[in-house]
Amino acid sequence: MSKPVVRILCLCQTLSWLVCLSICLQGFAQDNYEIQVYGSDLVEPHHTMVELHSNYTFDGSTQAENGVLPTEHVWHETVEITHGFNEWFETGVYFFNSLGSDGRTAYVGSHLRPRFAVPERLHWPVGVSLSFELGFQKRSFSEDTWSLEIRPIVDKTIGSWYFSFNPSFEKSLKGLNAGEGFEFAPNLKIDDALFHWMALGVEYYGAIGPPGDFPPVDEQQHQLFLAFDFFFSPQWEINAGYGWGLTPSTDRDIAKLILGRRF
């Protein structure tokens, strides 16, 4: 078999392992505004990255739950603007928007995300960065109007393979879950640069619950995406994928597209 076919088979095997892991694992909703596993690298100093995150839910919730509008047949459009200040610090800001029928077209909220990274010149064996994301969303789109996310990021490239793990922790500051502790929400990405212009991979997104007090699996959120990254130009970032929810609490079918431009 050719090398690309063998590598695709390896990715399929990885996907099956992730499915098994998600089923075996024992909250906050896995929001579908910015569906992305972070890499450790920052925007270059004195540069700005503008990204548009477009996500469409084909099969999601069909009725309001806990005061939150249903997600089925809704577009989520998020504008992200990130500026690099130096080799170890950047800051991003998000503007969340929803497009849908029955009162679901609205500006949803905004988040601010400062991020710190270990500079590449230190030659650590893995890439490491840490982001803090703070912001609000309207009550009709989220059970929690103010929230905090702490996201460690560890990644590594080995040959044509890329691995990134984001063991995130989320906390409601105001809203229905404000009395709860931090929730563990891990993200994982594995891809293979099959060609110089494209990588094929899998992405996992979870919302598992408070460490040490995980709810039943049916109440957790586990989601897998088949994802493509395209490398047509150093100035552009393009990521596309299709995702499947693995539990009743997760939106079942979602398509996503990320378009980014560096300035």
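What to note about this one:
- Any hit, the stretch 130-142, residues being in a strand (DSSP E or B), over 21 Å from Thr78 (Cα atoms), small (Gly, Ala, Ser) and out of contact with any Leu (no Cβ under 8 Å at 6 or more places or on another chain): no
- None of Ser101, Ser140, Ser147 is in contact with an Asp or Glu (Cβ under 9 Å, 6 or more places away or on another chain) and either under 26 Å from Gly39 (Cβ atoms) or among the hydroxyl-bearing types (Ser, Thr, Tyr) (or both) except Ser147.
- The residue that is farthest from Phe116 (Cα to Cα), counting only those in the stretch 131-163 that are surrounded by fewer than 17 Cβ atoms within 10 Å (Cβ to Cβ) and small (Gly, Ala, Ser), is Ser140.
- Apart from one condition, Gly181 fits all of (1) within 19 Å of Phe132 (Cβ to Cβ); (2) surrounded by 16 or more Cβ atoms within 10 Å (Cβ to Cβ); (3) modelled with pLDDT under 95; the exception is (2).
- Filtered residues of the stretch 110-126 (kept if surrounded by fewer than 20 Cβ atoms within 10 Å (Cβ to Cβ) and within 23 Å of Leu52 (Cα to Cα)): Ser110, Leu112, Pro114, Phe116
- Only one of the numbered conditions (1) touching a His at 6+ places or on another chain (Cβ under 8 Å); (2) surrounded by fewer than 20 Cβ atoms within 10 Å (Cβ to Cβ) is not met by Thr250, and that is (2).
- Members of the stretch 19-55 found to be within 15 Å of Gly260 (Cβ to Cβ) and either modelled with pLDDT under 95 or part of a helix (DSSP H, G or I) (or both), listed by number: Glu34
- Some residue of the stretch 223-241 being out of contact with any Asp or Glu (no Cβ under 9 Å at 6 or more places or on another chain), within 28 Å of Gly260 (Cβ to Cβ) and surrounded by 18 or more Cβ atoms within 10 Å (Cβ to Cβ): no
- Scanning the stretch 33-73 for residues that are closer than 30 Å to Val118 by Cα, among the hydrophobic types (A, V, I, L, M, F, W, C) and surrounded by fewer than 19 Cβ atoms within 10 Å (Cβ to Cβ) returns Val50, Leu52.
- Just one residue in the set Asp192, Asp229, Asp218, Asp155 is in contact with a helix residue (DSSP H, G or I) (Cβ under 6 Å, 6 or more places away or on another chain) and of a type in the set (Asp, Glu); that residue is Asp192.
The values are calculated or read from the model by the stated rules, or taken from the named source; none is laboratory data. Computed from a predicted model, the values in this text were never measured in an experiment. A quick note on method: Cβ atoms are made from the backbone with ideal geometry, for glycine too, and the neighbour counts reach across all protein chains shown.
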